[in-house]
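Take a look at the structure set out below.
No lab work stands behind these numbers, since they all come straight from the coordinates. Since we're looking at a predicted model, the values are computed, not measured. A quick note on method: Cβ atoms are made from the backbone with ideal geometry, for glycine too, and the neighbour counts reach across all protein chains shown.
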Amino acid sequence: MLRIAIQAKGRLSEQSIALLDEAGIVFDDSKRKFLSQSNSFPAELLFLRDDDIPQAVAMGVADLGIVGYNEVLERGQQVDIVDRLGFGACRISLAIPKGENYPGLFYFRGKRIATSYPNILGGFLKEHGISAEISVIAGSVEIAPTVGMSDAIFDIVSSGGTLVSNGLVEVEKVVFSEAVLIAGKKLTDEKRKILEQIKFRFNAVKDSRGKKYLLMNVPNEKLEDAIRIVPAMRSPTILPLAQSGWSSLHTVVDADVLWDKIEQLKEIGAEGILVLSVEKMVI
Ligand code: ATP
Ligand code: ZN
């Protein structure tokens, strides 16, 4: 039995549960307390605030955790980063009021910077030889300059919309983050085995994301052109159709080039093109 800590409520909770679910590690949501056991996999979930997850894993209260890399970095706890999970992307950036001249990092000398990430910011400033005052604020960091609490901020940015609406401009991107899977350093062999299983399943889910399964009928003389348009993992599957002179071609493509490929395939005479979702992919 392995205990996995995830964010109880917030930006990472839903996607953490969805990833586990797609990996066949299913939890009964209706009975959601602070601990919840899976009936499909030897694991239980511990619901915590994201800030507490790195420590819970470092202490062995949980064996694994799903949390933003930004929190792992800020907390400085001794944990292993096992995998990047491909969601919760954001960055932590320095931002200053719009209209200010920004000559470079030395702008921050002697300034007061509001943040919820004092350790990351402190390390960054030190590394660049800048001495500034760090003012720790737990929430709504972006309003600090407007209300006169600071000259600048160091905060999470994803689309940048919040900065703009608070009259701020991002001037330095310091850390790029996404949700990561973390593990304690002292897992037993039995737990490591379950961890390997989870990693394998997570990768199959991640690899299938953004992929589409494509099947179509192609005149035999156009098969080579079709394969040039949609090369597959190894090579596309080609099956003869009952009607002579035609084949069925099956392959997997990236969703972002799907329409492009379909148009090219139609041009060379492909017909009956079907697009299906890919649920898992084991490469
Ligand atoms: P908790 O109550 O668990 O302490 P929180 O308010 O600290 O929650 P959330 O706002 O739910 O945290 O964000 C959780 C994580 O989501 C962040 O630590 C970060 O890794 C990621 N994230 C992605 N995009 C954003 C964003 N635009 N703003 C804040 N966090 C983001
Ligand atoms: Zn938090």
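How big is the equivalent ellipsoid of the chain along its three axes, where each semi-axis is √(5λ) from the Cα gyration tensor, reported in whole Å from largest to smallest?
Values for the chain, descending: 45, 29, 15 Å.
Short version: ³J(HN,Hα) in whole Hz for each residue of segment 246-255, in order, from phi by Karplus 6.51 cos²θ - 1.76 cosθ + 1.60 (θ = phi - 60°), x for Gly and Pro, what are they?
Couplings: 10, 10, 9, 10, 10, 7, 10, 10, 6, 4 Hz.
Cβ under 12 Å from residue 79's Cβ, residue 79 left aside: what net charge do those residues give with Lys, Arg +1 and Asp, Glu -1?
0
Between residue 266 and residue 237, what FRET efficiency follows from the Cβ-Cβ distance if R0 is 25 Å, with the result rounded to 0.05?
Once rounded, the FRET efficiency stands at 0.80.
Taking just the alpha carbons, could you work out the radius of gyration and Dmax for segment 187-283, both in angstroms?
Rg and Dmax of segment 187-283, Cα atoms, are 17.3, 59 Å.
Could you work out the Rg to Rh ratio of segment 1-104, with Rh taken as the Kirkwood radius (inverse of the mean 1/r over all Cα pairs)?
On the Cα set of segment 1-104, Rg over Rh gives 1.09.
Quick one: which residues, 5 or more positions from residue 37 or on another chain, have an amide H under 5 Å from its amide H? H modelled 1.01 Å from N in the peptide plane, none for Pro or chain starts.
Correct list: 45.
State the percent of C-alpha pairs, over all pairs in segment 149-198, separated by a distance greater than 17 angstrom.
Tail of the P(r) past 17 Å holds 57 percent of the pairs.
How large is the helix-only mean residue ellipticity at 222 nm for the chain, computed as the sum of -39500 (n - 2.57) over DSSP H runs with n ≥ 4, divided by its residue count, in deg cm²/dmol to the nearest 500?
So the helix-based figure for the chain works out to -7500 deg cm²/dmol.
Residue separation times 0.36 nm, minus the C-alpha to C-alpha distance between residue 89 and residue 143: what's the value?
Difference between extended and current length: 17.2 nm.
Can you compute the charge dipole magnitude of segment 103-244 about its Cα centre, using +1 on each Lys and Arg Cβ and -1 on each Asp and Glu Cβ, nothing else charged? Give it in debye, rounded to the nearest 20.
With only Lys, Arg, Asp and Glu charged at Cβ, the dipole is about 580 debye.
Using the C-alpha gyration tensor of segment 177-216, what are the square roots of 5 times its eigenvalues, in whole angstrom, with the largest one first?
30, 14, 3
For the residue pair residue 59 and residue 193, what label-to-label distance in nm results when each label sits 7 Å from Cα along the Cα-to-beta-carbon direction?
The two pseudo-label positions are separated by 2.9 nm.
Quick check: net charge around residue 70, other residues with Cβ under 12 Å of its Cβ, Lys/Arg +1 and Asp/Glu -1?
Local charge sum for residue 70: -3.
Quick check: net charge around residue 168, other residues with Cβ under 15 Å of its Cβ, Lys/Arg +1 and Asp/Glu -1?
-1
Provide, for segment 1-132, the number of lysine pairs with alpha carbons under 18 Å apart, each pair being eight or more places apart or on different chains.
Lysine pair count for segment 1-132: 4.
Skipping prolines and chain starts, which residues have an amide H placed within reach, meaning under 5 Å, of the one on residue 168, given they are 5 or more residues away or on another chain?
98
Rounded to the nearest 5, what is the percent of antiparallel bridges among the DSSP beta bridges in the chain?
Counting DSSP beta bridges with both partners in the chain, the antiparallel share is about 75 percent.
Let's see if you can work this out: charge +1 on each Lys and Arg Cβ, -1 on each Asp and Glu Cβ, no other charges. What is the dipole magnitude of the chain about its Cα centre, in debye to the nearest 20?
The dipole magnitude comes to about 540 debye.
Once the dipole of the chain is set up with Lys and Arg at +1 and Asp and Glu at -1 on Cβ about the Cα centre, which of 115, 226, 73 lies farthest towards its positive end?
73
List the residues, sorted by chain then number, that are 5 or more residues from residue 175 or on another chain and whose placed amide H is less than 5 Å from its amide H.
92
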